[in-house]
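Visitor: Sharing a structure, written as structure tokens. Questions coming.
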Amino acid sequence: MQRNWIHAWLLLSPAFVFLLAFTHIPAVTTLWNSLFTTPRGRRPSRWAGLENYETLIADPIFWKVLSNNIWFALGTIPTSIAIALAMALWVNEKLAGRGFLRMAYFTPTVLPMIAVANIWMFFYTPGFGLIDQITGRFGLPQSNILGQPDTALWGVMAVTIWKEAGFFMIFYLAALQTIPPSLIEAARIEGAGPWTIFRRVTFPLLMPTTLFVSINAVVNSFRMVDHIFILTGGGPDNASSLLLFYIYEVAFRFWDTAYAATLTVILLAILGLLAIGQFFLFDRKVHYR
Amino acid sequence: MKHDLAQATGQSVTLTGVTKFWGDTQSLRGIDLSIPAGKFTAILGPSGCGKSTTLRAIAGLETVTDGAVWIGDREVTALPPAKRNLSMVFQNYALFPHLSVAENIIFGLKVERLPSAERKKRLGEVAELLELTPYLDRKPAALSGGQQQRVALGRAVISRRPVCLMDEPLSNLDARLRDEMRREIRRLQQALGFTMVYVTHDQTEAITMADQVVLMNEGRIEQVAAPQDIYRRPATPFAARFIGTPPMNLLPARAFVGRPDGIPDSLLIGIRPEVLSLCDTGPLAAVVKAVEFLGADTLLELSTGAHAFLAKLPGARRFAPGDALRLSARPEDIHLFDTNTAARVEDPALASLFAQSAT
């Protein structure tokens, strides 16, 4: 009996070693690095205390990308979840070509983000892109969605929603199929219309899925930047740059690794707070079976 | 019992020529049925006989391929379930797992937008009636099977609808609880006076609870009668075998000693095991194959020539396999069926021939 804990550790160790090596140790190292200056040439790094954090607070680009990221999250999360739910309800019905429809909705998920970005590049291209070809038919002027500071972020958001909604749909579809049909029938007998059934039965029963999906969506809104490299490169004038993209630029273009570490610590803190907050906010409203 | 839940009257339910196809298979083959208002009607039959489909057609959960459904004097064939003014209890209860017992019961009232004072008043009455008052704040998962069943009943009766449908509501309960709920459902129906349509595969439930039993087989109605009548005068060989435990013996004429001549092979003679008695000159000469002692009675498996049959005799006497017995029955206990038409033959003179001793 006393050796049980040895077995427990042995069984845990493979996963634990990898978590340590690739998650926990880098996280702690990042925090540590953020307290030092960046080593340059023959000048080694020295203890900087909170200097990096002071720089960060005074950095207008940081505030710009942070507010971009908040708008990006607000713009993509509710929309992609709502579209995912609508699509799931739609393809859960008995309709002809249901399998094809499900596949069509899921396709964006299996495409690599880089490929998706390139497809959308073609849509957005000024002059002969798909969007301009269509609007041109109606005599509308050329557009340059990705080239304008006030529309670039919207262009990036549209791609993200298109990519994410199909992925979240799969979770909703799986959850919908676990709801016994007799519950819906009972509600119909009791006189409920489709909207009441959705509001009072289906949606509450999908709450665990909504929680899961929304946490994923929040994490993704800070994590998915691949398409920015192709679409805008963060421009123009950082109008479409997001926090992680900025971290990448600082770390690997400007080689200011200490400042990048500082930014990363802030990103991790934001994500951690959001995840905890969501659990506490939703937990009271979620019914787990 | 005195409370406000009782309604003036239930409403009758009428089906005329109802058929239902699932692709190529036909599950209802022309159902003509009239269910009287305020009575308890049980639809009985083996699994796959179409009884649940019939119920779902009445509820509007299933569209019918052909025919018409009437509730009261209103044709509802094309109406959705919500507009048919009925309630239903499902086999798995179909309680909403995320809502409390109280919310589950008043679900329909909220949908109807009944004022909250009225909702509260009715909830109190129903909870009192079904002894659910202490559990109103619980979630269904925290209740026992019998309590969940009562919540489902509460949801069905609180809206005071004239027709209540039940689809095998007791099949998920254990035997003791089933007896209790059987009486409770019957009491509820009689007290509140709604029309009950109750689907079951259990003949005990149908016979003990119902005012009228509808026996179905392979998408057709075999017989509609009061429980006593369906037992005493089964209309078809299927009804004869399905109602009563152990089932009725159906024997051809040649199994009887000293049988009258000129009886066609299509005639089956039906005798219930419990009406057979020992008689030295009885027309059934049989050998005991197996003996099952039941306490008050003894169930004998017998054979006469190639035909096997059962007899239930008072338990005092001991039997052993291999014993040769003679048995007889009274003329009024003999049922005759024609296998060509699958119908009952009313011929007391002919029936008495199979009761008389072979002399």
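Visitor: Out of B:79, B:109, B:28, report the one residue that is within 14 Å of chain A (Cβ to nearest Cβ) and open to solvent by less than 30 Å² (accessible area, probe 1.4 Å).
Guide: None of the other options fit; the residue is B:109.
Visitor: Tell me whether region B:157-167 contains one or more residues that are open to solvent by 10 Å² or more (accessible area, probe 1.4 Å), within 28 Å of residue B:221 (Cα to Cα), among the charged types (D, E, K, R) and touching a residue at least 40 places away in the same chain (Cβ under 8 Å).
Guide: The answer is yes, given that some residue of region B:157-167 is open to solvent by 10 Å² or more (accessible area, probe 1.4 Å), within 28 Å of residue B:221 (Cα to Cα), among the charged types (D, E, K, R) and touching a residue at least 40 places away in the same chain (Cβ under 8 Å).
Visitor: In region B:216-227, is there at least one residue being at pLDDT 90 or above, in the same structural domain as residue B:35 (by TED's automatic domain parsing) and assigned to a helix (DSSP H, G or I)?
Guide: yes
Visitor: Determine whether region B:135-156 contains at least one residue that is touching a residue at least 24 places away in the same chain (Cβ under 8 Å), within 14 Å of another protein chain (Cβ to nearest Cβ), more than 25 Å from residue B:56 (Cα to Cα) and of a type in the set (A, V, I, L, M, F, W, C).
Guide: yes
Visitor: From the list A:222, A:254, which one is of a type outside the set (Val, Ile, Thr) and surrounded by fewer than 18 Cβ atoms within 10 Å (Cβ to Cβ)?
Guide: Just one listed residue meets the conditions, A:254.
Visitor: Of all residues being touching a residue at least 60 places away in the same chain (Cβ under 8 Å) and among the β-branched types (Val, Ile, Thr) in region B:57-75, which is surrounded by the most Cβ atoms within 10 Å (Cβ to Cβ)? Just the residue, please.
Guide: Ranking the qualifying residues of region B:57-75, first place goes to B:58.
Visitor: Please go through region A:165-181 and give me each residue that is aliphatic (A, V, I, L, M) and either facing chain B (nearest Cβ under 7 Å) or farther than 27 Å from residue B:109 by Cα (or both), ordered by number.
Guide: A:165, A:169, A:170, A:173, A:174, A:175
Visitor: Please tell me if residue B:345 is β-branched (Val, Ile, Thr) and out of contact with any helix residue (DSSP H, G or I) (no Cβ under 9 Å at 6 or more places or on another chain).
Guide: No.
Visitor: To continue, here is another question. Confirm whether residue B:188 is outside any helix (DSSP H, G or I), open to solvent by less than 30 Å² (accessible area, probe 1.4 Å) and assigned by TED's automatic domain parsing to the domain that holds residue B:59.
Guide: Judged against the criteria, residue B:188 is not a match.
The values are calculated or read from the model by the stated rules, or taken from the named source; none is laboratory data. Not measured: the values here are computed from a predicted model. Every residue, glycine as well, gets a Cβ built from its backbone with ideal geometry; the counts of neighbours run over all protein chains shown. Protein only, heavy atoms only, side chains kept; ligands, DNA and RNA dropped before computing areas. Shrake-Rupley method; radii C 1.70, N 1.55, O 1.52, S 1.80 Å.
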